[in-house]
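Quick one: the structure is below, questions incoming.
The values are calculated or read from the model by the stated rules, or taken from the named source; none is laboratory data. A quick note: this is a predicted structure, and the numbers were derived from the prediction, not measured. Backbone-built Cβ (ideal geometry, glycine too); neighbour counts: all protein chains shown. These accessible areas exclude ligands, DNA and RNA; they are computed on the full protein's heavy atoms, side chains included. Shrake-Rupley method; radii C 1.70, N 1.55, O 1.52, S 1.80 Å.
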Amino acid sequence: MTTAIETSGLSKRYGNLTALDGVNLRVERGEMFGLIGPDGAGKSTLYRILATLASPDTGTAEVCGLDTVRDSRRLRTLIGYMPERFSLYQDLTVEENLRFFATLFGVSVRENYDLIAPIFGQLERFTNRKAGALSGGMKQKLALSCALIHRPEILLLDEPTTGVDAVSRAEFWEMLAGLRRQSITILVSTSYMDEATLCGRIAMMDRGHILALDTPQRLVENLGENLYEASASDMFGLLTRLRAMPGVTDCYTFGATLHVVAGQGFDPARAASALGSYGLGDIRIAPAKGTIEDLFIKLTRDGQQ
Ligand code: ADP
């Protein structure tokens, strides 16, 4: 396997704020690699450096073996970058946008159409519509087509599914799976933890740091050992009581239930009966399967201690 992206000690500050703090990252060619983290984690800053639009303060970044600062001009032809906010020209039509991006890179739409056909084909009925009048899902498909029209080796997608409806989100990930089969390396960021499982490997980021990096399966492997889900008729009362209970390390809302992180000696049946004595009804405590979201909560909690 050869390396597609490699950063070493990458740091970037904005005034007093450290957006990236010594990031070491390596993505192999052909990977679908996810950057997972909340707003402010530093994902867009990392993208801007990889896309040659910003320089690091310290450290280096190489994409396709080229330095993002020294070799920026050559590199731009090898990457397709879809920034967080759509890069489209709102007053141009769908077709004009696509042609514009092709011209920028000195290619014709026809020569590379096969690559975008499964994506752009879904917009064919709207080719004369202004980009500004498209729905979020359609804008996303057009932006992806524009980022691909010069047949890049590496696709940099910064939160492509933010603000897009659930059906379009699912469709988008299917399109990415199709591109990956064409050997395009994809670095995709998201703040939706459920999307992490669709990547081959992920890096979990927070406050300019990579907290963990591995396959989504391996990352959550050992999380379930001391994790429980709990519910009761009074969820707020349950949360308060569980948080104060000896042997409970953490308790937080998780969908319609609570997730409880407990120490070794935690006995769910004994906990349920203790909670019952406080007047709580319909108590249910059962082992839970750990998710990326649980890991994220654990890693940020450990980082604060
Ligand atoms: P993410 O994409 O994960 O939301 P960003 O890279 O956009 O993270 O932001 C990381 C941090 O850097 C945030 O605290 C953000 O407010 C700050 N930041 C990003 N861009 C700028 C900028 N141009 N000027 C000042 N602060 C910035």
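Among what's in the stretch 1-47 and is among the aliphatic types (A, V, I, L, M) and surrounded by fewer than 18 Cβ atoms within 10 Å (Cβ to Cβ), pick the residue that is nearest to L211 (Cα to Cα).
Per the stated criteria, the residue is L17.
Right, here's the next one. Filtering the stretch 46-67 down to residues that are in a loop (DSSP other than H, G, I, E, B) and in contact with a helix residue (DSSP H, G or I) (Cβ under 6 Å, 6 or more places away or on another chain), which residue is nearest to I5 (Cα to Cα)?
T52
Return the pairs, sorted by first residue and then second, in which the second residue is assigned to a loop (DSSP other than H, G, I, E, B) and of a type in the set (S, T, Y), the first residue lies in the stretch 278-305 and is open to solvent by less than 60 Å² (accessible area, probe 1.4 Å), the beta carbons are less than 9 Å apart, and the residues are 6+ apart or on different chains.
Short answer, once both residue conditions are applied: L280/S233; G281/S233; I283/S233.
Same structure again: Of all residues being open to solvent by 30 Å² or more (accessible area, probe 1.4 Å) and under 24 Å from the mean Cα position of the chain (by Cα) in the stretch 127-158, which is farthest from V188 (Cα to Cα)? Just the residue, please.
Top of the filtered list is S135.
Here is a yes/no grid of residues against (1) of a type in the set (D, E); (2) under 20 Å from V63 (Cα atoms); (3) modelled with pLDDT of 95 or more:
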residue: L187; (1), (2), (3): no, yes, yes
residue: T190; (1), (2), (3): no, no, no
residue: E195; (1), (2), (3): yes, no, no
residue: R201; (1), (2), (3): no, yes, yes
residue: E221; (1), (2), (3): yes, no, no
residue: G224; (1), (2), (3): no, no, no
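Need the failing condition index for T161 against (1) among the hydroxyl-bearing types (S, T, Y); (2) surrounded by fewer than 18 Cβ atoms within 10 Å (Cβ to Cβ); (3) assigned to a loop (DSSP other than H, G, I, E, B), just the number.
(2)
Can you report the number of residues in the stretch 70-85 which are assigned to a loop (DSSP other than H, G, I, E, B), out of contact with any strand residue (DSSP E or B) (no Cβ under 8 Å at 6 or more places or on another chain) and either at pLDDT 95 or above or more than 16 Å from the ligand (Cβ to nearest atom) (or both)?
Final tally of qualifying residues: 3.
Here's the yes/no breakdown for (1) part of a loop (DSSP other than H, G, I, E, B); (2) under 30 Å from I116 (Cα atoms):
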position: I186; (1), (2): no, yes
position: T197; (1), (2): no, yes
position: A203; (1), (2): no, yes
position: I210; (1), (2): no, no
position: L239; (1), (2): no, no
position: C251; (1), (2): no, no
position: G265; (1), (2): yes, no
position: A269; (1), (2): no, no
position: L275; (1), (2): no, no
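Report whether or not A256 is over 30 Å from S145 (Cα atoms), at pLDDT 95 or above, over 22 Å from the mean Cα position of the chain (by Cα) and among the small types (G, A, S).
Against the criterion (over 30 Å from S145 (Cα atoms), at pLDDT 95 or above, over 22 Å from the mean Cα position of the chain (by Cα) and among the small types (G, A, S)), A256 does not qualify.
Scan the stretch 216-229 and give yes if some residue there is assigned to a loop (DSSP other than H, G, I, E, B) and either surrounded by 15 or more Cβ atoms within 10 Å (Cβ to Cβ) or under 17 Å from the mean Cα position of the chain (by Cα) (or both), otherwise no.
No: zero hits.
Check E171, E124, E111, E95 and return the single one that is farther than 22 Å from L187 by Cα, buried (at least 16 other Cβ atoms within 10 Å of the Cβ) and of a type outside the set (V, I, T).
After ruling out the rest, the residue left standing is E95.
A quick yes/no check of all residues on (1) touching a helix residue (DSSP H, G or I) at 6+ places or on another chain (Cβ under 6 Å); (2) more than 16 Å from C64 (Cα to Cα); (3) within 16 Å of the ligand (Cβ to nearest atom):
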position	(1), (2), (3)
A147	no, yes, no
P152	no, no, no
D158	yes, yes, yes
T161	yes, yes, yes
V164	yes, yes, no
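Could you count how many residues in the stretch 1-42 are at negative phi, among the small types (G, A, S) and more than 11 Å from the ligand (Cβ to nearest atom)?
4
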